[in-house]
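Participant: Here you go, one structure.
The values are calculated or read from the model by the stated rules, or taken from the named source; none is laboratory data. These numbers were taken from a predicted model, which means no experiment stands behind them. Neighbour counts are summed over all protein chains in view; Cβ atoms, including those assigned to glycine, are modelled from backbone coordinates with ideal geometry.
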Amino acid sequence: MISRARETLETFHIRTYGCQMNVHDSDKLANLLYHSGLEAAPGPDQADVLVINTCSIRDKAENQLYSDLGALRDWKEAAPARVIGVGGCVAQQVGDSLLKRFPHLDFVFGTHNLRQVPSMLQAALAGQRASETGESRSLERFDMPELHPGMRAQGDGRAFVTVMEGCDMFCSFCIVPRTRGREISRPAAMILEEARSLAASGVREITLLGQTVNAYGRHAERRGRGTESGTMAFASLLAELDAVPGLERIRYTSPHPIFFDEALIRAHAELEHLCPHVHLPLQSGSNSVLEAMRRRYSREEYLDITRALRQAVPDLAITTDLIVGFPGETDSDFSDTLDLVRQVGFVDSFSFKYSPRPETAAIELPNAADSSEAQSRLEALQVLQRELTLEHHRSRVGQRVEVLIQGESRRGKGQLCGRDPHHRLVNLAPGESGAAPAARAGDIKTVDLVEATPHSLIGVLAPGEAQAESVLQVGSLALEV
Ligand code: SAH
Ligand code: SF4
Ligand code: F3S
């Protein structure tokens, strides 16, 4: 409990926007707050402290913060002892000007300042407003306390592990190098220790995180200083993790095509626990747009990587990110994108309309796209993607797969869902009696895929699995605190 003479802060709620790195930061922050004696509230109404962890990738994401903060005036007025904090990429980008603009905001913390939050809360109780957005180049920011039992109780068999953070690529459209700072890689020993301890606590699947995750250790490696920094080639790190007892699945996101080397492709062929899925952002299928984006690869090079990957793992699922309406993008550039999307046969993609971001190189570019043109390109791309996704799902019907159960499905009360090794969403159909299948978050179950829908696969527990719950308890250890 954080307290002073008469007031205490007992409960918190964190609202998270953005990518997995932000989701993971929110988990780290929740863990710090548990260690400070606070507990998670079911929602903002029951919370004394509300933290918004922001994303700045597109202007819409940034504006979400301003509308949230506007709406929170009433929340704060309802109980003036309440505290509001803002962190993440918008906080890093705009800093303490947020305090001036929103008088009911108590503190602002940047992407390198998570560990300062408990002391900022203490200061807020004393009536002080604070902003900490200093960029750190040291590894200290990765020093986090052990997982608190309160956090462990919420486990679902999956965990993120940061291997590197920051980005030195400076793609012309992207604000991330400004909000996440310079690239820094954690020593492999630290990463392995974290993975072992997660596995020992019941985690079955880890996802390695980094803005360009496969650039892990590259600056040190290039200078021959891998031993000094304790890093190694990304593929070697994967091999070490593959041997960690108890880990069933290893994923990583997001790799950058230019760091996709032969060793990494070989790792996909050789490592038992590396999942048959790669999320490899493409952005555009046109060479001239890729150049203007400063992506540093061509469509041909991208295709070479996906071909080599498919040779290594024939049923590999490849997903991607795409941007339409980049300045100067012509009809023919856009048809190059459609063409490449078809050729690669992406199983899924996230596609976005280009959004100009402050302090990025592309903001200076002429020939901004017409917004309705960009919209119709986005729609055409999404129509194509829906066809490709459905085609993939149909090809999977009849297969038997292992599903890591995640929790309740959106389809209905009591129904469960999870992910297969290819990262496809699998909804478990209720049994014949109409009852939900016997499984819990964190269990790995054998499932027969019986139906394809545009967004997911539908599966039934393989014969024998429905009764197997007691045998599979090990998968739910993380839940049993
Ligand atoms: N590090 C990853 C991308 C992280 S950002 C990579 O190198 O690919 C996630 C996605 O947001 C990007 O892949 C891109 O598709 C999209 N994005 C980034 N900046 C954007 C912008 N200014 N407008 C629209 N989409 C953007
Ligand atoms: Fe942004 Fe490019 Fe870095 Fe990805 S690689 S985070 S798109 S600058
Ligand atoms: Fe958004 Fe920051 Fe992630 S800008 S996408 S939360 S790195």
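Participant: If we scan segment 245-260, do we find a residue that is in contact with a strand residue (DSSP E or B) (Cβ under 7 Å, 6 or more places away or on another chain), over 30 Å from residue 138 (Cβ atoms) and β-branched (Val, Ile, Thr)?
Facilitator: No, every residue in segment 245-260 fails to be in contact with a strand residue (DSSP E or B) (Cβ under 7 Å, 6 or more places away or on another chain), over 30 Å from residue 138 (Cβ atoms) and β-branched (Val, Ile, Thr).
Participant: Then there's this: Identify the residue in segment 143-179 that is more than 16 Å from ligand 3 (Cβ to nearest atom) and closer than 13 Å to residue 112 by Cα and, among all such residues, is surrounded by the most Cβ atoms within 10 Å (Cβ to Cβ).
Facilitator: That would be 144.
Participant: If you check 207, 179, which single one turns out to be in contact with a Phe, Trp or Tyr (Cβ under 7 Å, 6 or more places away or on another chain), of a type in the set (S, T, N, Q) and at pLDDT 95 or above?
Facilitator: Details: 179 fails: in contact with a Phe, Trp or Tyr (Cβ under 7 Å, 6 or more places away or on another chain).
Result: 207 is the single residue among 207, 179 that is in contact with a Phe, Trp or Tyr (Cβ under 7 Å, 6 or more places away or on another chain), of a type in the set (S, T, N, Q) and at pLDDT 95 or above.
Participant: What about residue 465, is it modelled with pLDDT under 65 and not assigned by TED's automatic domain parsing to the domain that holds residue 253? Working first, answer last.
Facilitator: On the way: modelled with pLDDT under 65: no; not assigned by TED's automatic domain parsing to the domain that holds residue 253: yes.
No: the conditions fail for residue 465.
Participant: Which one of 78, 47, 61, 91 is among the hydrophobic types (A, V, I, L, M, F, W, C) and farther than 27 Å from residue 160 by Cα? Give the derivation first.
Facilitator: Values: 47 fails: farther than 27 Å from residue 160 by Cα; 61 fails: farther than 27 Å from residue 160 by Cα; 91 fails: farther than 27 Å from residue 160 by Cα.
Matching residue, one of 78, 47, 61, 91: 78.
Participant: Go through segment 97-112 and give me each residue that's more than 13 Å from residue 65 (Cβ to Cβ) and either of a type in the set (Phe, Trp, Tyr) or modelled with pLDDT under 95 (or both). Show your work before the answer.
Facilitator: Step one: of segment 97-112, the residues more than 13 Å from residue 65 (Cβ to Cβ) are 99-100, 103-104, 106-107, 109-112.
Hits for segment 97-112 are 107, 109.
Participant: Just checking, which of 359, 364, 408 is outside the structural domain of residue 251 (by TED's automatic domain parsing) and either over 18 Å from residue 322 (Cβ atoms) or buried (at least 20 other Cβ atoms within 10 Å of the Cβ) (or both)? Explain how you work it out, then say what you get.
Facilitator: Values: 359 fails: outside the structural domain of residue 251 (by TED's automatic domain parsing); 364 fails: outside the structural domain of residue 251 (by TED's automatic domain parsing).
The conditions single out 408.
Participant: What number of residues within segment 181-216 are within 16 Å of ligand 2 (Cβ to nearest atom) and in contact (Cβ under 8 Å) with a residue 40 or more places away in the chain? Break it down into steps so the answer makes sense when it comes.
Facilitator: Taking segment 181-216 as the starting set, the residues that turn out to be within 16 Å of ligand 2 (Cβ to nearest atom) are 181-185, 208-216.
Then keep just the ones that are in contact (Cβ under 8 Å) with a residue 40 or more places away in the chain; that gives 181-182, 184-185, 208-216.
Final tally of qualifying residues: 13.
Participant: Restricting attention to segment 94-109, does a residue exist that is surrounded by 15 or more Cβ atoms within 10 Å (Cβ to Cβ), out of contact with any helix residue (DSSP H, G or I) (no Cβ under 9 Å at 6 or more places or on another chain), aliphatic (A, V, I, L, M) and over 25 Å from residue 154 (Cβ atoms)?
Facilitator: Yes; the residues of segment 94-109 include at least one that is surrounded by 15 or more Cβ atoms within 10 Å (Cβ to Cβ), out of contact with any helix residue (DSSP H, G or I) (no Cβ under 9 Å at 6 or more places or on another chain), aliphatic (A, V, I, L, M) and over 25 Å from residue 154 (Cβ atoms).
Participant: Which numbered condition in (1) part of a helix (DSSP H, G or I); (2) closer than 23 Å to residue 115 by Cα; (3) within 16 Å of ligand 3 (Cβ to nearest atom) is the only one that residue 34 fails?
Facilitator: For residue 34, the exception is condition (3).
Participant: Given segment 285-371, what helices (runs of 4 or more DSSP H) lie entirely inside it while holding 2 or more residues that are among the β-branched types (Val, Ile, Thr)? Show your work before the answer.
Facilitator: On the way: elements: 287-292, 299-312, 331-344.
Once the helices (runs of 4 or more DSSP H) in segment 285-371 are filtered for at least 2 residues that are among the β-branched types (Val, Ile, Thr), what remains is 299-312, 331-344.
Participant: Can I ask one more? Regarding segment 143-164, can at least one residue be identified that is within 13 Å of ligand 1 (Cβ to nearest atom), small (Gly, Ala, Ser) and either touching a Gly at 6+ places or on another chain (Cβ under 8 Å) or not assigned by TED's automatic domain parsing to the domain that holds residue 254 (or both)? First the steps, then the outcome.
Facilitator: Here is the first cut: in segment 143-164, the ones within 13 Å of ligand 1 (Cβ to nearest atom) are 164.
If we keep only those that are small (Gly, Ala, Ser) as well, we get none.
No, that holds for no residue.
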